[in-house]
Each structure stands twice: as structure tokens, then as C-alpha cells.
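K.L.:
Handing you a structure now.
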Amino acid sequence: MLTLLAVPLTLLTIQQPGAIAQRLAGRVSPNVAALVEQLGTAGSARGLPVDPLIQKAIEGSAKGIPDDRVAAAVRRVATLLDTAAAALREGGLASDTLAITAGAFAITAGLSANDITALARVGARPQALTVGLRVAGTLAALGVPPAENIALVSVSLRSGKSAADLLLLPADVESEVAKGLTPAAAAAGLSRAAAAQARHGPPPGHGQERPHPPAPPHP
Amino acid sequence: MRPGAEPTDGDIVRAVLAGERERYAQLVERYRDRYARYAARMLGSADAAEDAVQDAFVRAFDQLAQCKEPDNFVGWFFLILRNRCFAERRRSRATAPLEAADSVAAADRTDGGAETAERRRALQLALLELTPDQREVFVLKHVEGLSYGQIAERLSTSVASLKMRMHRAYDRLREQLREHA
Amino acid sequence: MSDHDFHPLVKQLLDGDLTLAELPAELRAEGEEALRLLAAADRTPVSMPAVTWRVMAALERRRRRIRPWLLAPALAIAAAFILWIWPARLTAPPPLVTVRFVLVAPDAKAVSLAGTFNQWDAHATPLVRAGATGVWTATLSLPAGQHQYAFVVDGQRWVPDPGAPAVDDGFGRRNSVLTL
């Protein structure tokens, strides 16, 4: 059976009174719901997204985690959102809930507030920066160290790569790692290639790489 | 595919190409062990062999549309694995083969005593000093138990050239074993 | 011919074309040495049970970097489960991406998917077992963006996707990450 989701979740800020309680009704304990309501309302007033708080509360409850630990995890998410928002402001980006959510994810995955600021300072449009932050977080989850990670995503953002191209970076790194490179070396190589491409345009035959065919009988 | 019958390699290849990617697991399950020993002896390490077999299956998947005879998937797969094993040895020639052969020897100690294990280890080390094509013909004949005719068919070559390769391998193995005795 | 070379007749012995008894007496010792060499060949069978799930996990990782326009047409058809439906207007919801999830779990009796896209509901999105292979799949249309998820095996065990990057879930486990 295929399950197609008709109602995609959004990461929009919820500001209507009672909206948070509605999302949480029947899914989490009253104590956790009250905490999310309190943190979410206060965060909304500062331009922070609420959805990550709701998601963490629901996730904890679904996984059967005790209330005190769910509450601690929700508080941690609230802190991460604050940290990400401050880092983005430092980089010159005004409040953008999607970028803040992506920044908080990148920090969870292993990047620092300074790394987020560095990406914001590239000066990409908010939509592109959001994709860049998501990709940087994914690269961190794949084991790419922060320096190589930020270098790769920055050069890709600067060269004006499309969102679709940015989204391929993690898989490109994985592909190089499968050939025996470390995640750091793979990201560094891709950075150099992206920088060269930005200077000279795509190399001849770029995109045509294929795994080499079987060896002839007498290699 | 015929109802009730075990699907042929060709049935599975065609299903995978039509989008049923998960059916590829059936091919992997069917053939993952067939050349496991070949890869282990070619590379001198069980871990390296497992990586090679995995990588060969992934490459085969990537190139599946180029498999001209889907019903002979396994013959085509063998050539990809062989290519991978040859490339691996080229890449790792600089690494210490002693470590690689240790894993082979360690597994032997339960089934033949220290002396047998030592002889096997010495031969495995000597095999790693051969060229890949010399090592391969030795492994296929004396480990896998294939005849010269079967090897010639699999590698699309002549029995005479295989014998020439093998006879050079015998001499080099003897030389290696004497040097390290 | 060096000192190490076997006599041609001894090589025939090794090839199985002659027996030790057929060798001239002066070559017997060399023949015995040669046979000892052959006896040391390690014919112990080798089994690689983990290869099946390792291959399928590797293919799943590659699924996320498939660029259909670079592939042979037949393979592109196979990969066409990633379909981009572009928004008509900039203000429209994010485009939907159709994604197939696969888990190899031969011993499982039930597998489902829970994540940010289904309110972490462990019952909302069951996977379907493909024959007797132990391969479980589900196909979803998800909005472009970032999603976290895990497989739920037999209604109890939360398992990250072996083919996807993962992050700390804040509860001592890992969530898989899907960036579309």
C-alpha cells in the first residue's frame, strides 16, 4: 500500500492563540504541551519558528520517552533556535524562520554558531541560504569537518549553484568517500572543483562520468 | 516470469530495470558467496574482499542496462568483480601484505593446526607477490577447482596462454616460498 | 631458467596432467615439494552474509544523488520515482518529491516509518514486504525541505535508515535525515 501524504507540514511560525495546543492535543502530556505553548509563544514574539518545538515534543512522546526528558529536549531545541537566529543576525540576515530552523539543524549536526554566521555572510538570498544550511547540516552528519564543510557550501553558494545542485553535494561527497577518500578530502576536492568551475566554466565532458566498464579478459 | 517458477537472473534484471530496485537484493543474495573466496584469495583479506564484492554489486547495478545477456548476469558480474580486484591490488600494492594475510591465517588455526596455518599463510603471502593475472589463474584452478577449459571460457582466452601464465606463477611461488622459508 | 623454476614435467604434475609415479625418479623430490605447495592453497569456503544489506543500503544512499538526465534511458526509467512537481507560483507550497524508502529486515514482522512528515506516528506509514526477500518498502510524496525520520520495526524498535545520514535525536538515539 502506498501512503501519500496529502497535507505537507509547514515550518511556518504559528502565532494564533491555541494553535500550538491544537497541534499537540492528544499527542503529548499536558505538562509538555504547556511547556511548548510557553516557549513557542515567547519565541514567536522574537520571530522564532514554533514547529521544531512541536515536532520534538511529539517525537519524544511517540518514542515513549518520559516527560522530563521530552521537556529537556524541547528546551534544548528552543535554545538552538535562539542560537541559530543570533548567528544569522550576526551574518546580516534578518529573521527568517526557515533559515533559523535549518541553522538549528546544522548546529545539531555538529556545526557551530560561527559556522552559521560564516554561511550567512556569503550574502546568498534567504532561500538559497536555507538550502545551504540544510546541506551543510547533512554534510556534517556525513562526517565532513566544519572547515571543509563551510568552504564547500560557501563556494557553491557564491558560484550561484541552483538549489538542485546544492542538494546533490552530500551525495557527491558520499560518492567520493565510496572511492576511498575521507569526508574531509572529498569535500575539499569538490570545493576546488567548484571554485575552478566558477572561474572557467564546466570542464569538457562534465557530468558524463560513468563507472568504468568491465576489464577486457587480459587487463 | 513463469508462475510458480524460481525467477531467472534475466527475470530479475528486467524487473530491476523496470523500477523494482529492491528485487536486486535477490541477485545479491543468490551470488554474493559464489566469488567470495575468489575475492578473498585475490586480495589476501576477508575485509577487503567483502568491500570488493559489495562494490562490484553496486557497480553492476549502475551498469545493469549494459548487461547484454541478463540470463548470464553472474558471468558479467564476475568480470566486474575481477576488474575491482585487479584495481584494488594495484592501489594497495604499497600496503603491507603481511597484515592482509594475517586475517586469512587467523581463520585457519582451528581447522588444521599451526603448521598448516603457517604453510597457508606463506602461500597466501607468496600469491600476493604474483601479478594479478598469474594469481588469478592459480586461484581459479587450485582454489576454485576449475579446469583450464572452464577458466579459458570464463576469461575468453586460450588454454595455452593460461598454462603459460600458470607455469610462470608456479616458478615465482617457489621462489617466494624459498626466499621466505 | 633460474634455480627456482620447476622442471616442465613437474609443472605438468601440478597441472594434473601427470601423476607423481609418472615422474622420473630424479624429479620425485621436486614433485613432492610442488605438491606440498599446492596442498597449502586455502580452499576454505568464504561467506559474506552482510553483503546483501550493505549493497542495498549503498544503493539507497546513491538513490538520493540520482541525476536522471545523466543515466542511460532504461536506468532513468528505473530511477523515475523521484519526480519533481514544480510550484505554479512562488507562493505555492514546496514542491512534492516522491521518495521510496527501503529497509532490509528479513526477520521483521512489521516495519513502518515515522518522522516529521507524519507527526511521528508509528502506525501511519507501514512499509510493504517485497516477497520473501526481507526487503520492505514504502513510497511517499514529501514536500521539498528537510525531514527527520526512523523506521519502527515490529512496533517497538526505532531504527535509523542505514542508507541515510543521521543526527542525535536528543533522546539518546539517532534520527535519519532526508534533505530534498
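K.L.:
Please find, within the stretch A:79-126, the residue that is modelled with the highest pLDDT out of those that are in contact with a helix residue (DSSP H, G or I) (Cβ under 7 Å, 6 or more places away or on another chain) and charged (D, E, K, R).
P.N.:
Checking each candidate, the answer is A:115.
K.L.:
For the stretch C:106-119, enumerate the residues that are surrounded by 21 or more Cβ atoms within 10 Å (Cβ to Cβ) and in contact with a helix residue (DSSP H, G or I) (Cβ under 9 Å, 6 or more places away or on another chain).
P.N.:
Residues satisfying the conditions are C:114, C:115, C:116.
K.L.:
So, in the stretch C:35-51, of the ones that are at the interface with chain B (Cβ under 7 Å from one of its Cβ atoms) and assigned to a helix (DSSP H, G or I), which residue ends up surrounded by the fewest Cβ atoms within 10 Å (Cβ to Cβ)?
P.N.:
Out of the qualifying residues, it is C:38.
K.L.:
Of all helices (runs of 4 or more DSSP H) completely enclosed by the stretch A:19-134, which ones contain at least 2 residues that are under 17 Å from residue C:171 (Cβ atoms) and not basic (Lys, Arg)?
P.N.:
A:30-45, A:51-62, A:67-90, A:97-109
K.L.:
Restricting attention to the stretch A:92-124, which residues are of a type in the set (Gly, Ala, Ser) and closer than 20 Å to residue A:138 by Cβ?
P.N.:
A:99, A:102, A:103, A:104, A:106, A:109, A:110, A:112, A:113, A:118, A:120, A:124
K.L.:
Please count how many residues of the stretch A:34-75 are over 20 Å from residue C:169 (Cβ atoms), touching a residue at least 12 places away in the same chain (Cβ under 8 Å) and over 23 Å from the mean Cα position of the chain (by Cα).
P.N.:
Qualifying residue count, the stretch A:34-75: 2.
K.L.:
Anything in the stretch A:20-33 that is hydrophobic (A, V, I, L, M, F, W, C) and touching a residue at least 40 places away in the same chain (Cβ under 8 Å)? List them, or say none.
P.N.:
A:28, A:32
K.L.:
For the stretch C:118-128, does any single residue satisfy the condition of being at pLDDT 80 or above and under 18 Å from residue C:53 (Cα atoms)?
P.N.:
Checked the stretch C:118-128: at least one residue is at pLDDT 80 or above and under 18 Å from residue C:53 (Cα atoms).
K.L.:
For the stretch B:1-50: of the residues being among the polar types (S, T, N, Q) and within 17 Å of residue B:70 (Cα to Cα), which is surrounded by the fewest Cβ atoms within 10 Å (Cβ to Cβ)?
P.N.:
B:8
K.L.:
Does residue A:9 count as surrounded by 15 or more Cβ atoms within 10 Å (Cβ to Cβ), at pLDDT 85 or above and either hydroxyl-bearing (Ser, Thr, Tyr) or under 25 Å from the mean Cα position of the chain (by Cα) (or both)?
P.N.:
Taking the combined requirement at face value, the residue does not satisfy it.
K.L.:
How many residues does the stretch C:146-168 hold that are at the interface with chain A (Cβ under 7 Å from one of its Cβ atoms) and surrounded by 16 or more Cβ atoms within 10 Å (Cβ to Cβ)?
P.N.:
Matching residues across the stretch C:146-168 total 5.
K.L.:
Answer with yes or no whether residue C:133 is touching a helix residue (DSSP H, G or I) at 6+ places or on another chain (Cβ under 6 Å) and facing another protein chain (nearest Cβ under 9 Å).
P.N.:
Yes, satisfied.
K.L.:
Another question about this same structure. Of all the residues that make up the stretch B:44-63, how many are more than 25 Å from residue B:130 (Cβ to Cβ), of a type in the set (A, V, I, L, M) and either more than 9 Å from chain C (Cβ to nearest Cβ) or out of contact with any helix residue (DSSP H, G or I) (no Cβ under 6 Å at 6 or more places or on another chain) (or both)?
P.N.:
Number of matching residues: 1.
K.L.:
Any residue at all in the stretch A:137-148 that's assigned to a helix (DSSP H, G or I), over 24 Å from residue A:178 (Cβ atoms) and either more than 10 Å from chain C (Cβ to nearest Cβ) or aliphatic (A, V, I, L, M) (or both)?
P.N.:
no
K.L.:
Residues of the stretch A:40-95 being within 9 Å of chain C (Cβ to nearest Cβ), under 26 Å from residue A:119 (Cβ atoms) and of a type in the set (S, T, N, Q), which ones?
P.N.:
A:55
K.L.:
How do the strands (runs of 3 or more DSSP E) wholly within the stretch C:111-177 filter down when requiring 1 or more residues that are among the charged types (D, E, K, R) and within 20 Å of residue A:140 (Cα to Cα): which remain?
P.N.:
Of the strands (runs of 3 or more DSSP E) lying wholly inside the stretch C:111-177, those with at least 1 residues that are among the charged types (D, E, K, R) and within 20 Å of residue A:140 (Cα to Cα) span C:166-168.
K.L.:
Hey, another quick one. For the stretch B:25-40, how many residues meet the condition of being within 7 Å of another protein chain (Cβ to nearest Cβ) and in a helix (DSSP H, G or I)?
P.N.:
Residues flagged as within 7 Å of another protein chain (Cβ to nearest Cβ) and in a helix (DSSP H, G or I) within the stretch B:25-40 amount to 7.
K.L.:
Restricting attention to the stretch A:149-168, and to residues there that are over 20 Å from residue A:98 (Cα atoms) and buried (at least 24 other Cβ atoms within 10 Å of the Cβ), which single residue is farthest from the other protein chains (Cβ to nearest Cβ)?
P.N.:
A:152
K.L.:
Going by what's in this entry, would residue A:58 be described as buried (at least 24 other Cβ atoms within 10 Å of the Cβ) and either farther than 20 Å from residue C:115 by Cβ or among the aliphatic types (A, V, I, L, M) (or both)?
P.N.:
No; evaluated as a whole, the condition is false for this residue.
K.L.:
Only one of A:133, A:139 is at pLDDT 95 or above and in contact with a Phe, Trp or Tyr (Cβ under 9 Å, 6 or more places away or on another chain); which?
P.N.:
Being at pLDDT 95 or above and in contact with a Phe, Trp or Tyr (Cβ under 9 Å, 6 or more places away or on another chain) holds for just one of A:133, A:139, which is A:133.
The values are calculated or read from the model by the stated rules, or taken from the named source; none is laboratory data. Every value quoted in this text rests on a predicted model; they were computed, and no experiment measured them. Here Cβ is always computed from backbone atoms with ideal geometry, including for glycine, and neighbour counts include all displayed protein chains.
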